[in-house]
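FYI, it's all coordinate maths here, none of it is from the lab. Everything quoted here is computed from the prediction, not taken from an experiment. Cβ atoms come from the backbone with ideal geometry, glycine included; neighbour counts cover every protein chain shown.
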Amino acid sequence: MKDQYINCNGIKTRYWQSGKGSRTLVFIHGIGGSIEYWEPQLEAFSKDFTVYSPDMVGFGLTEKPDVPYGYRYFARFLKSFFTAVGIDRASLIGHSLGGGICLQFAVYYPENVERLILESSGGLSREFTFSLRVLTLPVIGELLLHMSLKNPLSLIKGLYYNTSVVRESLIDILTRMFREPGATRAFLTTLRNNATLFNGTKESISDIINHLDGITARTLVIWGKQDKVIPFHVSEIALRHIKQSRLWALDKCGHGPHLDYPLEFNKKVKEFLLE
């Protein structure tokens with residue numbers, strides 16, 4: 001994959017694009033992530049789809065302006081990406097924060113969404129791990145994040161159930177991305193705009209929660225039963241409110257099913273998109 005850059009409402013945005021399929025698929029990473037976290041998927045799906053994956057504003061090698069990082073802002077940024085690269089309609093795959101972005105996008109721009117794949121999705125509940133919520137505290141958050149980045153493996157491990165399959169390359173990528181100017185600020189601002197020490201802020205997800213019943217896109221919800229970041233039972237919210245949704249639950253799986261079980265993930269998602 002080759003880095004490409006495009007201007008999205010004045011923000012220099014890095015993305016990867018591959019494949020020449022008649023249907024388009026867009027991958028959205030989670031908080032602290034980047035394009036590279038999807039690399040095995042991008043290669044696999046480019047055989048059947050035209051595939052795009054941007055570094056979302058504030059992350060990876062995309063610019064990191066001082067903006068109100070939240071689901072509403074991210075969804076509007078994603079819309080500007082669609083416009084910039086010429087996407088009219090696409091299926092969306094979002095992991096964690098990326099899942100919440102996809103949900104907010106589907107609420108705002110349903111005409112641009114074909115199908116949704118929500119992996120360990122944010123935006124559905126105020127519940128997630130205390131280890132992230134504590135980073136919302138002023139000063140303490142900066143200190144703890146700085147200490148954690150001295151041992152980036154500890155951050156990566158939180159995505160996996162089976163830590164023996166951790167992709168070592170992600171450790172180097174995480175370290176490199178957090179050295180980018182503004183990366184720490186964007187990460188912490190995203191957390192603080194969407195969470196508090198006592199679980200997520202209701203306001204940050206109100207636009208999503210209040211409109212889940214109106215999402216009409218066929219939706220595949222994917223969750224690891226041993227997810228320690230966003231608990232498995234949160235998946236029930238999506239199933240209860242999104243009319244055309246179904247669940248794929250994985251046992252012995254953490255917060256990143258596409259990382260724990262990449263081959264199975266690719267197969268299941270491809271079947272869903274092509275059925």
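Distance between the 7 Å Cα→Cβ label points at residue 23 and residue 179: 4.1 nm. The relative contact order of the chain comes to 19 percent, based on Cα pairs under 8 Å that sit 6 or more residues apart. Our helix-only sum for the chain, with -39,500 (n - 2.57) per DSSP H run of n ≥ 4 divided by its residues, gives a mean residue ellipticity at 222 nm of -11000 deg cm²/dmol.
Comparing 27, 265, 105 in a Gaussian network model of the chain (Cα springs below 10 Å), the most mobile by mean-square fluctuation is 265. Roughly what would the spin-label model give for residue 151 and residue 196, points 7 Å off Cα along C-beta, in nm? Reported label-point gap for residue 151 and residue 196 is 3.1 nm.
Start at zero, step by 5 Å, and the Cα-Cα distances of the chain spread as 1, 6, 13, 19, 21, 19, 13, 6, 1, 0 percent across the bins. Label-to-label distance, residue 9 versus residue 211, with points set 7 angstrom from Cα along the beta-carbon direction: 1.4 nm.
Please report the antiparallel percentage of DSSP beta bridges with both residues in the range 4-274, rounded to the nearest 5.
Numbers: 10 of 33 bridges.
DSSP beta bridges in the range 4-274 are roughly 30 percent antiparallel.
If the limit is 31 Å between Cα atoms, which of 64/252; 47/150; 20/79; 225/267 go over it? The pairs that break the limit, which is 31 Å between Cα atoms, are 64/252; 47/150.
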